[in-house]
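Let me begin by presenting the structure, written as structure tokens, before commenting on it.
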Amino acid sequence: PATDTILSVNNIEVVYDHVILVLKGVSLTVPRGGIVAILGANGAGKTTTLKAISNLLHAERGEVTKGSILFDGEQVDHMSPSDLVRRGCIQVMEGRHCFGHLSIEENLMTGAFTRRDGKAAIRQDLEMIYELFPRLKQRRGSMAGYTSGGEQQMCAVGRAMMSRPKMILLDEPSMGLAPQVVDEIFEIVQKLNASQGVSFLVAEQNTAMALRYATFGYIMETGRIVMDGEASALRENEDVKEFYLGIA
Ligand code: ATP
């Protein structure tokens, strides 16, 4: 049954290497159709939270040891990342991870690997992505490794869109990009949200930028959520201003 909450993370703990407790009881929710930000300094646990949701911790000897995760009304802890993609939840990892030796278009097509709805539908989505990302259309034949950081980030988001997700977990989209390009990326997030109804959970160190586009934010410090609220309220909060926005 479709509820108003697309994702709820309930009190999860994550341990690396059997002993290092990194998430110490994290809870958060994403409303259907929302853009929610996880904010915090380097090492606070943002990436670990996203990877816990999409079950990508095993490769790093990490494990969810407590709590539960519900996506779209279904308990998804212990579900494989590809099963989650089939259910509509996909992660775009930090650092973009395009296939450097494939063209932009080939990269986009790899995003459709879980689909069984035929070439015509996939082609149609490719055209939709080119409409939303004119820059990717221009560069469709270029090897991804030779495109700019911003184009690679767009490619990574576009590739995720090719799986027809209900929700994208987006890790640090601003990393290494000029402010103007970061703006462009967040504009795209907003467009995908508005036009396709995709929900977003975005991990960001760039608090100012994230709070401009998100509707709600969670702030993490050393494996815990220490504050949350509507983006507009967080922007006006004195502690947030001082410690995260650099406004005394
Ligand atoms: P970043 O912006 O660097 O991604 P983050 O807020 O996403 O930071 P995480 O990458 O989730 O933070 O890291 C949280 C904590 O977990 C850090 O203290 C980090 O050193 C630790 N950590 C991350 N990966 C591992 C691992 N594979 N083994 C042990 N500790 C890890």
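So what's the net charge close to residue 91: Lys and Arg +1, Asp and Glu -1, counting the other residues with Cβ under 10 Å from its Cβ?
Details: positive: 51; negative: 94, 171.
The answer is -1.
Where Rh is the Kirkwood radius over the Cα pairs of the range 53-115, the temperature 10 °C and the viscosity 1.306 mPa s, what D in µm²/s does Stokes-Einstein return? Before the final figure, lay out each step's value.
On the way: Rh = 13.5 Å.
After rounding, the answer is 118 µm²/s.
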*asked:* With a 1.4 Å probe and all protein chains left in place, how much accessible area per residue does the range 60-194 have, in Å²?
replied: 48
*So if R0 is 35 Å, what FRET efficiency would residue 222 and residue 175 give, r being the distance between their Cβ atoms, rounded to the nearest 0.05?*
0.95
_With θ taken as phi - 60° and the coefficients 6.51, -1.76 and 1.60, list the Karplus ³J(HN,Hα) couplings across the range 170-182 in order, rounded to whole Hz; mark glycine and proline as x._
10, 9, 6, x, 7, 3, x, 10, 5, x, 5, 6, 4
*Overall dimensions of the range 1-108 by Cα: Rg and Dmax, Å*: 14.8, 43
*asked:* Could you report the accessible area of residue 87 in Å², rounded to 10, computed with a 1.4 Å probe on the protein chains as they sit in the structure?
replied: 80
*Separation between the residue 242 and residue 24 pseudo-spin-labels, each 7 Å from Cα along Cα→Cβ, expressed in nm?*
2.1
*For the chain, share of DSSP beta bridges that run antiparallel, in % to the nearest 5*: 60
*Just read off the accessible area of residue 58 with the full protein assembly in place, 1.4 Å probe, to the nearest 10 Å².*
130
*Might you report the magnitude of the Cβ-based charge dipole of the range 58-124 about its Cα centre, with Lys and Arg at +1 and Asp and Glu at -1, to the nearest 20 debye?*
220
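Measure off, as a whole percent, the carbon and sulfur share of the 1.4 Å-probe accessible area of the chain, all protein chains present.
Values: 5920 of 11520 Å².
Accessible surface attributable to carbon and sulfur in the chain totals 51 percent.
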*Hey, what's the per residue convex hull volume over the C-alpha atoms of the range 102-248, in cubic angstrom?*
123
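If I stretch the segment between residue 183 and residue 61 completely, what's the gain in nm (0.36 nm per residue apart, minus their alpha carbon distance), one decimal?
Numbers: separation 122, 0.36 × 122 = 43.92 nm, distance 3.45 nm.
Gain on stretching residue 183 to residue 61: 40.5 nm.
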*Separation of the residue 212 and residue 143 label points, Cα + 7 Å toward Cβ, nm*: 3.5
*Along the charge dipole of the chain, Cβ charges K/R +1 and D/E -1, which of 128, 209, 70 sits furthest on the positive end?*
128
*Can you run the Rg to Rh ratio on the range 80-152? Use alpha carbon positions and the Kirkwood inverse-distance Rh.*
0.97
*residue 64: accessible area at probe 1.4 Å, nearest 10 Å²?*
40
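How big is D, in µm² s⁻¹, for the chain by Stokes-Einstein at 37 °C and 0.692 mPa s if Rh is the Kirkwood radius over C-alpha pairs? Walk me through the numbers on the way to the answer.
Details: Rh = 18.3 Å.
It diffuses with D of about 179 µm²/s by this estimate.
The values are calculated or read from the model by the stated rules, or taken from the named source; none is laboratory data. All values reported here derive from a predicted model rather than from experimental measurement. Cβ sites come from the backbone with ideal geometry, for glycine too, and all protein chains shown count toward neighbours. All accessible areas refer to the heavy atoms of the entire protein, side chains included, with ligands and DNA or RNA removed. Shrake-Rupley method; radii C 1.70, N 1.55, O 1.52, S 1.80 Å.
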